Amino acid sequence: MQTIKSFTVNHDKLKPGMYVSRIDGDCITYDIRMVVPNGGVYLENDGLHTFEHLFATYVRNTPFSDRIIYVGPMGCRTGFYFITRDSISAEDAIRLVQETCDFILGFTGEIPGTKRWECGNYLDHSLPKAKQYAENLKETLSGWTPDRMQYEA
């Protein structure tokens, strides 16, 4: 079997940030790396889960909603994949993630999609952890530009 592209990225060199992971036709997969891989600190499931619900809800309620394909956590719990149509520029994708962080930081109330019939693990959520992850990511992406979106060789 061929090695998939994401396994060819040297995770020992990867730092938190937002990277272009791959381009498939008109779809761009962004690697939103929130913690250092193999660094001993990982996103905890309850905070990761809440971050996912709020991230997906926010981006699917923006003018870009019809160009959002997927938002989901990485199995290694170091970040998220964010897949968009290529009609969203890299600048807009960065801004959308930054706005998502602001949305999460300001969020109050019931987390969307957390009723038993809406979610397969509806009790596993933490808004305080999601807010901490958003604060950290916001700091990481402050001043982030498309020229920084390539993996280090």
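Every read-out reported here was derived from the displayed coordinates using simple, explicitly stated rules and does not represent laboratory data. As the structure is a computational prediction, the values presented were derived from the model and not from experiment. Quick reminder, even Gly has a Cβ in these numbers, built from the backbone with ideal geometry, and neighbours come from all protein chains shown.
Listing for the model above:
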{"item": "Estimated 222 nm signal from helices in the chain, with DSSP H stretches of n ≥ 4 weighted -39500 (n - 2.57), rounded to 500", "result": "-10000 deg cm²/dmol"}
{"item": "Geometric extent, Cα atoms of the chain - Rg, Dmax (angstrom)", "result": "15.1, 47"}
{"item": "Under 20 Å from residue 13, Cα to Cα: lysines that are on another chain or at least 8 residues apart", "result": "5"}
{"item": "Relative contact order computed over segment 1-143 (Cα-Cα under 8 Å; 6+ residues apart), in percent", "result": "27 percent"}
{"item": "Given the chain, longest segment not containing exposed loop GluC sites (Glu not before Pro) (DSSP; at most 13 other Cβ within 10 Å)", "result": "1-109"}
{"item": "Loop trypsin sites (Lys or Arg not before Pro), segment 102-153, which have at most 15 other Cβ atoms in a 10 Å radius of their Cβ (DSSP)", "result": "115, 116"}
{"item": "In nm, spacing of pseudo-spin labels at residue 23 and residue 4 (7 Å Cα→C-beta vector)", "result": "2.2 nm"}
{"item": "Cβ-based exposure ranking for 87, 126, in which fewest neighbours within 10 Å come first", "result": "87, 126"}
{"item": "Ranked list, fewest to most other Cβ atoms within 10 Å of each Cβ, for 18, 34, 1, 149", "result": "1, 149, 34, 18"}
{"item": "Set of lysines with alpha-carbon distance to residue 129 below 25 Å, sequence-local pairs under 8 removed", "result": "15, 115, 138"}
{"item": "Nearest-ten-degree value, helix 127-141 long axis tilted from longest Cα axis of the chain", "result": "30 degrees"}
